[in-house]
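The values are calculated or read from the model by the stated rules, or taken from the named source; none is laboratory data. Owing to the predicted nature of the structure, the values given are computational and were not obtained by experimental measurement. Here Cβ is always computed from backbone atoms with ideal geometry, including for glycine, and neighbour counts include all displayed protein chains.
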Amino acid sequence: MNSQIDEKHEKLHTLNRRVGLFLRAGTIVSLLLFLAGLIIFIVSGTPHMVALTPASAIIHDLLLLNPAALVTSGLIIILLMPLVILITSLVHFIVTRETRPVVVCIVLLVMLAASYVLVLK
């Protein structure tokens, strides 16, 4: 009995470490992109009215170190963090064969996807 509890705690600890790693990495990368965009914006003297970069041009503009593209990339990373965490959790629960959390993750993914679709319209 105790070995089952210890094994379950170890699996949850593994999931928590993975989620924590994704959160830290995503936050740091997003913050660095925001800061780089802000610094380049200030140094370059870009006009104050700068729109976010469209997704279709983001890679090209990132290569040009466009401050708006850097800020947009930081925003995209922050907005995708819940999706990454849900997918990580879903994979973990599928591997550990825990059906109830799998169902919860799927429902949350559907809700998150629907909210992304509604926002992007």
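The rows are residues; the columns are (1) of a type in the set (A, V, I, L, M, F, W, C); (2) at pLDDT below 90.
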{"position": "Lys8", "(1), (2)": "no, yes"}
{"position": "Leu12", "(1), (2)": "yes, yes"}
{"position": "Val19", "(1), (2)": "yes, yes"}
{"position": "Leu23", "(1), (2)": "yes, no"}
{"position": "Gly26", "(1), (2)": "no, no"}
{"position": "Val29", "(1), (2)": "yes, no"}
{"position": "Ala36", "(1), (2)": "yes, no"}
{"position": "Leu52", "(1), (2)": "yes, yes"}
{"position": "Ala55", "(1), (2)": "yes, yes"}
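Of the listed requirements (1) over 18 Å from the mean Cα position of the chain (by Cα); (2) surrounded by 14 or more Cβ atoms within 10 Å (Cβ to Cβ); (3) under 28 Å from Glu7 (Cβ atoms), Asp61 misses just one: (3). Checked across segment 71-79, the condition of being out of contact with any Phe, Trp or Tyr (no Cβ under 6 Å at 6 or more places or on another chain), crowded, with 18+ Cβ neighbours inside 10 Å and under 29 Å from Leu12 (Cβ atoms) holds for at least one residue. Is there any pair with a first residue in segment 85-114 that is modelled with pLDDT of 90 or more and a second that is small (Gly, Ala, Ser) whose Cβ atoms are under 7 Å apart and which are 6 or more apart or on different chains, and what are they? The qualifying pairs are Cys105/Ser89.
Could you please let me know if Leu52 is free of Cβ contacts under 8 Å to residues at least 60 places away in the same chain, in contact with a Leu (Cβ under 8 Å, 6 or more places away or on another chain) and not in a helix (DSSP H, G or I)? Outline the logic, then answer.
Details: free of Cβ contacts under 8 Å to residues at least 60 places away in the same chain: yes; in contact with a Leu (Cβ under 8 Å, 6 or more places away or on another chain): yes; not in a helix (DSSP H, G or I): yes.
Here the answer is yes, as Leu52 does meet what is asked.
When Ser44 is tested against the conditions (1) of a type in the set (S, T, N, Q); (2) under 23 Å from Val119 (Cβ atoms); (3) touching a helix residue (DSSP H, G or I) at 6+ places or on another chain (Cβ under 8 Å), the lone failure is (2).
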